[in-house]
Amino acid sequence: DAIPSADQIRITTSLKSQRGSVWTKNKSIFEYWEVEVTFRVTGRGRIGADGLAIWFTEEQGLEGPVFGAADKWNGVGIFFDSFDNDGKKNNPGVIVVGNNGKLLYDHQNDGSTQALASCQRDFRNKPYPVRVKITYYQKALTVLINNGFTPDKEDYEFCAKVEDMVLPSQGYFGISAATGGLADDHDVLSFLTFQLTEPGKEVPTPDAEIPQKDKEKYQEEFEHFQQELDKKKEEFQKEHPDVQGQPGKLFQTTCAFFLSADDLFETVSDRELRQIFEGQNRIHLEIKQLNRQLDMILDEQRRYVSAVTDEIAKRGAGFPGQQGQVSQQEIETVVKTQEEVIKQVNEIRNSMADTLRLISGSQHPGSAAGVYETTQHFNDIKEHLHVVKRDIEHLVQRNMPSSEKSKCPDLPPFPSCLSTMHFFIFVAVQTVLFIGYIMYRNQQEAAAKKFF
């Protein structure tokens, strides 16, 4: 299923049950070597599958169940496993597995029972291509990786190392990939192979590495391929004279258009789910904010009650006799009223907390019952607020005619004093603003519920 192009090879596309691979045609005769591979693994899902593998094997690989290549290989495979088969939450990861031609790969455990070395790295959906450097020198295999967060090509970090590893003296390099129930695009941008020599040893010339017979064979294949390509270009130009000799550009433009349109596509169900989650998240945040505001109001009420209690003690000490008794009764009434207000605010706060828990528990699509209960809680909150408003207005009207309460006594410890009337007006204004805010939010929610 591999698809070659001018600048990369797509080993597998993001379709289910795909397998693809690319292998060298001739064996590598390097005793020690190093490969640098640049690839991308991209997918729309939060989880991808199955993964990608880099191979060095004695025989050229065939199609099979191990990341698109055959099992029972003789050599080494470096696996970039995307899917967590064993459920240990250790994927995506990089696993080094050696084989002598008799071992069957343990898919169920993600090769953990056979791994010679491994590291956990996330290589999916990175802003830059992921780069891997694999070095085999003096029977030591080292894997370095660039996670794709930076364009710096030399920004490698250590991943794994295997000591005393014996590999075939000659073998084929390859890269393969596979998808399962989930799917990713596995694209290889480059695969560079280098020969490593010990200090003092002479490096063989490139002409000596490839036999003359193989050179002639490859040259003949290239010329044959070039002739077929020129023939197809002429046929295409005859069938499409309006293109004017640019079939490649037309094909690339058409493919790019379909890829971009596919990336922007969104089904109706996906759009509805996204709108539901966005709406519930907005409700969740607004209720959190209201809960914080209620906590602030409650703290202010407690501070006012504490200040009034201190004033009671001082006024009782400063006005003996009948006048002190009357003032004591009046201020006790104010304290009781404040306690009622605090009680009502506590009830509102508890109702808001219940609604917040309800919204947090109904963060899944299609929850019609959760939406109905959320509406009921909002109605209860409005009723509580109306009760608080009515009680406060009644207390303000009852205390307004009292001329003795229009002024606060001049007490030396306090530079200024808050009268009872001013306090109730302040609470009433706060309550009216709060009710207005709730009504405004209800209108916005009614408009946002159209997608339900």
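With all protein chains kept in place, the per residue accessible area of the range 3-207 amounts to 49 square angstrom at a probe of 1.4 angstrom.
Only lysine pairs 8 or more places apart, or on different chains, with alpha-carbon atoms under 15 angstrom apart are counted in the range 3-207, and they number 5.
Expressed as a whole percent, the accessible area of the range 3-207 that falls on carbon and sulfur atoms is 49 (1.4 Å probe).
Ranking Thr12, Thr24 by solvent-accessible area of protein heavy atoms (1.4 Å probe, all protein chains present), from largest to smallest, gives Thr24, Thr12.
Name the residues of the range 167-199 whose amide N is less than 15 Å from a point 7 angstrom out from the Cα of Glu221 along the C-beta direction? Counting only backbone N, you get 172-174. Checking every one of the GluC sites (Glu not before Pro) in the range 137-182 against DSSP loop status and a limit of 11 other Cβ atoms within 10 Å picks out Glu154, Glu163.
The values are calculated or read from the model by the stated rules, or taken from the named source; none is laboratory data. These numbers come from a predicted model, not from an experiment. FYI the Cβ positions are ideal-geometry reconstructions off the backbone, even for glycines, and counts take in every protein chain you see. Keep in mind that these areas ignore ligands, DNA and RNA; they rest on the heavy atoms of the full protein, side chains included. Shrake-Rupley method; radii C 1.70, N 1.55, O 1.52, S 1.80 Å.
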